[in-house]
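Remarks on the structure that follows.
Only the coordinates and a few stated rules stand behind these numbers; no lab work does. Being a predicted model, the structure only gives us computed values, none of them experimental. Here the Cβ is made from the backbone with ideal geometry for all residues, glycine too, and neighbour counts use every protein chain on show.
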Amino acid sequence: MTYLETTAQFYAEAAEVPQVGLCCVSTPPLQLPGLKIPEIMQQMNYGCGSTVHPTELFGEPTVLYIGVGGGIEALQFAYFCRQPGAVIAVDPVAEMRMAAARNLETAAAENDWFDLDSIKILAGDAFALPVPDQSVDIVAQNCLFNIFEPDDLHRALAEAYRILKPGGRLIMSDPIATCPIPPQLQQDERLRALCLSGALTYDEYIQHLVAMGFGQVEIRARRPYRLLDTYQYSLDTPLLLESLDSVAFKVPLPEDGACIFTGKTAVYAGAESLLDDQAGHLLQRGVPLAICDKTAAKFALQFPQDVMITDSTWHYSGGGCC
Ligand SMILES: C[S@@+](CC[C@H](N)C(=O)[O-])C[C@H]1O[C@@H](n2cnc3c(N)ncnc32)[C@H](O)[C@@H]1O
């Protein structure tokens with residue numbers, strides 16, 4: 001069996017018997033006014049973070065959701081996208097598609113505003129999404145791409161890039177590893193399916209996005225996810241996994257490299273009231289300006305005395321430079 005087949009088998013089982021917290025750490029689901037999330041969907045919350053960020057779901061976007069699971073995030077997206085067929089959710093596992101469809105019927109009974117027509121569940125996988133080129137505003141996946149081996153991850157990212165409209169957003173939540181996971185764990189197909197041993201390091205993860213051509217990446221959250229201990233996982237030292245929520249924009253790559261926003265700011269502390277770096281950044285003395293990591297590195301060299309660079313907060317949600 002290939003690791004993708006092992007994964008499909010694992011999720012066929014997880015579709016029939018909800019496995020609370022087995023696959024991923026279940027974060028409390030995003031609650032919204034008037035949204036009632038059925039109990040069964042909460043039990044089948046197999047994500048490690050969130051891909052539903054209310055502030056960027058303006059204008060009724062169309063969403064392609066990869067790996068529907070119990071349907072919780074498809075329902076949350078449908079809250080913001082209420083047109084018929086606005087959310088297309090794809091999953092190769094028939095049992096999971098059926099479970100999601102059942103759960104969404106329960107949600108429709110519990111939520112007056114929710115029309116089942118707004119979500120279309122389709123058979124398909126991350127490597128062949130059943131929609132045309134440049135046809136959706138958002139592609140989202142939660143806790144799936146970390147399972148893929150690097151070549152498959154590349155294929156899945158290329159497919160997401162293909163279907164996004166220019167300016168569209170790939171919204172992801174995945175575990176990342178604080179240091180490289182040893183090969184013997186990476187090759188354990190069941191641990192991979194459990195989202196425990198396929199994780200890349202932060203730098204590798206971001207590099208895959210940039211290599212695909214995403215010109216801007218924003219980090220929305222980074223938190224501890226799981227500890228692989230020395231007893232259960234035959235490791236010499238414990239290895240911490242984190243979950244990373246990110247948004248990658250299909251915008252051209254700037255000539256000097258991608259803009260990666262991790263929550264850094266620059267604060268001018270010099271003698272003048274304003275600092276103009278002649279590259280589009282205007283810093284008011286004492287007022288933090290959100291900057292990408294590339295600009296932070298440039299400022300550190302250019303203005304070592306006069307500009308303070310604050311640490312990454314790992315939470316960025318707009319504003320600032322670039
Ligand atoms: C860890 S679960 C996450 C489910 C959902 N995103 C959530 O947050 O609850 C992974 C999901 O991806 C589906 N899946 C597995 N292999 C896939 C593939 N190659 N392409 C798309 N989905 C896949 C599984 O059936 C399962 O529904």
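Relative to the longest principal axis of the Cα atoms of the chain, the long axis of helix 3-16 makes an angle of roughly 60 degrees.
For the pair Leu253 and Arg223 in one chain, pulling the backbone fully straight at 0.36 nm per residue adds 8.0 nm over the alpha carbon distance.
Counting only Cα atoms, region 193-277 measures 58, 33, 19 Å along its principal axes, largest extent leading.
In this structure, the amide hydrogen of Arg220, modeled 1.01 Å from its nitrogen in the peptide plane, lies closer than 5 angstrom to those of Asp245, Ser246, Val247, Tyr316, counting only residues at least 5 positions away or on a different chain. Beyond 19 Å between alpha-carbons counts as too far, so tell me which of Lys165/Lys250; Lys264/Lys298; Lys165/Lys264 fall in that bin. The pairs that break the limit, which is 19 Å between Cα atoms, are Lys165/Lys264. Taking only the Cα atoms of the chain, the radius of gyration and Dmax are 20.6, 67 Å.
Under the convention that each Lys and Arg Cβ holds +1 and each Asp and Glu Cβ holds -1, the size of the dipole of the chain around its Cα centre is about 400 debye.
Tell me which chymotrypsin sites (Phe, Trp or Tyr not before Pro) from region 1-100 have a DSSP coil assignment and no more than 10 other beta carbons within 10 Å of their own.
Answer in residue order: Phe58.
Between Leu227 and Leu241, the built amide H atoms are under 5 Å apart, and every one of these is 5 or more places off in sequence or on another chain. Kirkwood radius for region 263-309, taken over all pairs of different Cα atoms as the inverse mean of 1/r, rounds to 10.3 Å.
Between Trp113 and Gln83, the simple label model (points 7 Å from Cα in the Cβ direction) yields a spacing of 1.8 nm. Of all beta bridges that DSSP places with both ends in the chain, some 55 percent have antiparallel geometry. Dipole orientation for the chain: of the candidates Thr262, Thr2, Ala74, Thr262 has the Cα lying most toward the positive pole (charges on Cβ; Lys, Arg +1; Asp, Glu -1). Backbone phi angles across region 180-187, fed through the Karplus curve with coefficients 6.51, -1.76 and 1.60 (θ = phi - 60°), yield HN-Hα couplings of x, 7, x, x, 5, 7, 4, 7 Hz in residue order; Gly and Pro are listed as x.
Label zone (Tyr231, point 7 Å along Cα-to-C-beta; backbone nitrogen cut-off 17 Å) within region 174-211: none. For a paramagnetic label modelled at 7 Å from the Cα of His154 toward its Cβ, which residues of region 105-135 fall within the zone defined by backbone nitrogen distances under 20 Å? Of the residues in region 105-135, 126-129 have backbone N under 20 Å from the label point off His154.
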